[in-house]
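So the structure is just underneath, and the comments pick up after that.
The values are calculated or read from the model by the stated rules, or taken from the named source; none is laboratory data. Just so it is clear, the model here is predicted, and its values are computed rather than measured. Cβ sites come from the backbone with ideal geometry, for glycine too, and all protein chains shown count toward neighbours. Ligands, DNA and RNA are excluded from the accessible area calculation, which covers all protein heavy atoms including side chains. Shrake-Rupley method; radii C 1.70, N 1.55, O 1.52, S 1.80 Å.
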Amino acid sequence: MEKSFVVKGNICQTVTSKKLDLHENSFAVCIDGLSVGVFEDLPEEYTHLPLYDYKDALIFPGMVDLHVHAPQYAFRGMCMDLELMDWLNRYTFPEEEKYEDLEYAEKAYGMFVNAFKKGATTRACIFATRHRYATELLMELMEESGLISFVGKVNMDREASKALTEDSADISAYTTFGWINAVNNRFKNTKPILTPRFIPCCTDKLMEELRQIQMAYGIPVQSHLSESKGEIDFVKILRPNNSFYGDSYNEYDLFGKNDDIDTDVKTVMAHCVWSTDKEVELMRKNGVFIAHCPASNMNLTSGIAPIRKYLNAGINIGLGSDIAGGHSESIFRAITDTIQVSKMYFRMVDDSFAPLVFSEAFYLATKGGGAFFGKVGSFEKSYEFDAVVLDDGVLPHPQSLNLAERMERAVYLGLDEKNITAKFVAGRKII
Ligand code: GUN
Ligand code: FE
């Protein structure tokens with residue numbers, strides 16, 4: 001079996017968020033794409049399998065990016081001095097308009113996919129643009145890469161530049177039907193996800209049409225929620241009858257589980273910086289995932305999402321790069337940003353919410369976001385085998401280091417941006 005093998009090295013993971021689970025010089029066994037477990041001595045029954053011996057390298061579960069905009073990769077690290085609504089109008093919408101042109105899309109998406117393939121991320125939830133054909137092109141490139149992803153053609157029928165706004169709710173829905181029919185079941189690793197951009201860009205009529213599409217196809221949903229003050233004030237004007245922002249997705253059954261109609265709509269909402277207690281309670285009840293994107297929240301001056309509060313409430317949480325609100329595709333970076341902003345929240349805002357420690361943030365980047373994809377994010381038995389192999393020999397040190405120190409240092413020093421030795425996705429070696 002092609003996807004059955006053994007990987008040897010220093011295996012580092014978080015089975016629970018409370019502590020690191022470290023195995024020096026050990027064996028991770030993969031049978032038919034699924035993990036069997038980690039062993040200090042290789043059981044006899046697996047000795048016939050091919051062995052990848054990575055010697056003294058570090059082996060982590062693959063990173064999960066729960067929120068990223070592929071078309072914004074081209075302008076990451078630029079145009080960072082505005083808040084969300086002005087940033088969208090001034091820079092983001094003009095850049096996304098370009099994806100009408102398939103030649104530009106192919107060039108730009110090629111660079112995006114290359115970068116993701118080379119890094120530590122194995123799975124992602126991706127926004128494309130409103131353009132159907134460029135979105136299909138991105139899906140083809142993602143499929144070729146071997147990475148696993150949900151990709152969304154964006155829906156937006158108001159409040160953007162003329163070129164980026166779809167002509168009507170009907171046209172947006174019609175295009176979305178065409179797109180889903182073309183891509184649903186076409187790819188093994190690349191699946192469609194319904195993607196209303198956010199409430200300011202979606203009319204009530206469009207939201208109603210998206211509800212119908214979701215019911216017809218049962219596909220998951222991604223969007224933005226309670227990210228920035230200006231956005232939230234605008235949503236209050238647009239939807240005065242909803243008592244909180246998330247209720248305007250929930251009203252259209254695009255917000256997780258709904259016991260009333262007995263459906264489970266797998267949903268991920270990015271940001272949730274300013275979620276009210278009622279919004280938090282509904283996310284918990286409905287099993288909505290939060291994609292925490294700390295770099296973006298700093299760059300766009302959105303604020304600090306109180307992740308400790310959401311963890312205490314029992315919400316599903318993963319990390320997102322939010323390229324290009326965030327400037328780096330590195331989820332290692334998102335881990336350290338998560339820890340740092342939680343420390344600032346504790347010190348500057350509310351000292352009843354303790355900062356996150358390293359094991360907790362690593363867990364969010366792996367098993368936390370991985371749960372959106374199923375059993376993903378560790379080498380426990382029956383988890384899908386996603387792994388990255390990192391050679392930290394390129395980071396010199398005079399003192400001796402234990403494995404916990406090596407793991408933390410690899411993340412803080414951004415080893416994923418320097419050198420990935422090998423990478424496996426659901427048991428397929430892609431690097
Ligand atoms: N809200 C609506 N669109 C966007 C986007 O492209 N980036 C971010 N960060 N927030 C959004
Ligand atoms: Fe975003």
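Odds and ends about this structure:
- Per atom type, region 186-227 shows carbon and sulfur on 55% of its accessible surface, probed at 1.4 Å.
- Part-to-part distance (alpha-carbon centres) for region 114-147 and region 216-278, which is given in Å: 25
- Taking all Cα pairs closer than 8 Å and separated by 6 or more residues, the relative contact order of the chain comes to 21 percent.
- Rh by Kirkwood over Cα pairs, then Stokes-Einstein D for region 155-213 at 1.306 mPa s and 10 °C, µm²/s: 133
- Eigenvalues of the alpha-carbon gyration tensor of region 179-261, scaled by 5 and square-rooted, set the equivalent ellipsoid semi-axes at 25, 14, 11 angstrom, largest first.
- Rounded to whole Å, sorted largest first: equivalent-ellipsoid semi-axes of region 276-360, Cα gyration tensor: 20, 16, 12
- When every Cα-Cα distance of region 323-431 is counted in 5 angstrom steps from zero, the calculated P(r) takes the values 2, 10, 16, 20, 22, 15, 8, 5, 1 percent.
- Hydrodynamic radius of region 297-341 by the Kirkwood approach over all distinct alpha-carbon pairs: 11.3 Å.
- All-pairs alpha carbon distance profile, region 2-128, 10 Å steps from 0, percent: 11, 29, 24, 18, 16, 4, 0
- Solvent-accessible area, 1.4 Å probe, carbon plus sulfur percent, for region 229-319: 49
- Rg/Rh ratio calculated on Cα atoms of region 206-307 (Kirkwood radius): 0.96
- Of all DSSP-defined beta bridges confined to the chain, some 45% are antiparallel rather than parallel.
- Translational D in µm²/s for region 320-374 (Stokes-Einstein at 25 °C, 0.890 mPa s, Kirkwood Rh from C-alpha pairs): 205
- For region 72-174, the Kirkwood estimate of the hydrodynamic radius, built from every pair of different alpha carbons, is 14.5 Å.
- Region 231-385 - Kirkwood radius from inverse mean 1/r over Cα pairs (Å): 16.2
- Whole-Hz couplings from phi, Karplus 6.51/-1.76/1.60, listed for region 369-385; x for Gly and Pro: x, x, 4, 5, 9, x, 8, 9, x, 7, 9, 5, 4, 6, 7, 5, 8
- Shown is the FRET efficiency for residue 39 and residue 284, computed with R0 = 45 Å from the Cβ-Cβ distance and rounded to the nearest 0.05: 0.75.
- Here region 1-73 is treated as an ellipsoid with the same Cα gyration tensor; its semi-axes, largest first and in whole Å, are 26, 17, 12.
- Within the accessible area of region 64-127 (1.4 Å probe), percent carbon and sulfur: 47
- For region 1-117, the relative contact order is 22 percent, taking Cα pairs closer than 8 Å that sit 6 or more residues apart in sequence and dividing their mean separation by the residue count.
- Mean shadow area of the chain over all directions, Cα convex hull, nm²: 20.4
- Using C-alpha pairs under 8 Å with a sequence gap of at least 6, the mean separation divided by the residue count of region 102-172 gives a relative contact order of 30 percent.
- Net charge dipole, region 172-241: roughly 260 debye, given to the nearest 20, about the Cα centre with Cβ charges of +1 for Lys and Arg and -1 for Asp and Glu.
- Accessible surface, region 112-267, averaged per residue in Å² (probe 1.4 Å): 37
- Rounded to whole Å, the principal axis extents of the Cα atoms in region 139-297 read 41, 37, 34, largest first.
- Using bins of 5 Å that start at zero, the share of Cα-Cα pairs per bin across region 68-121 amounts to 4, 18, 27, 24, 14, 12, 1, in whole %.
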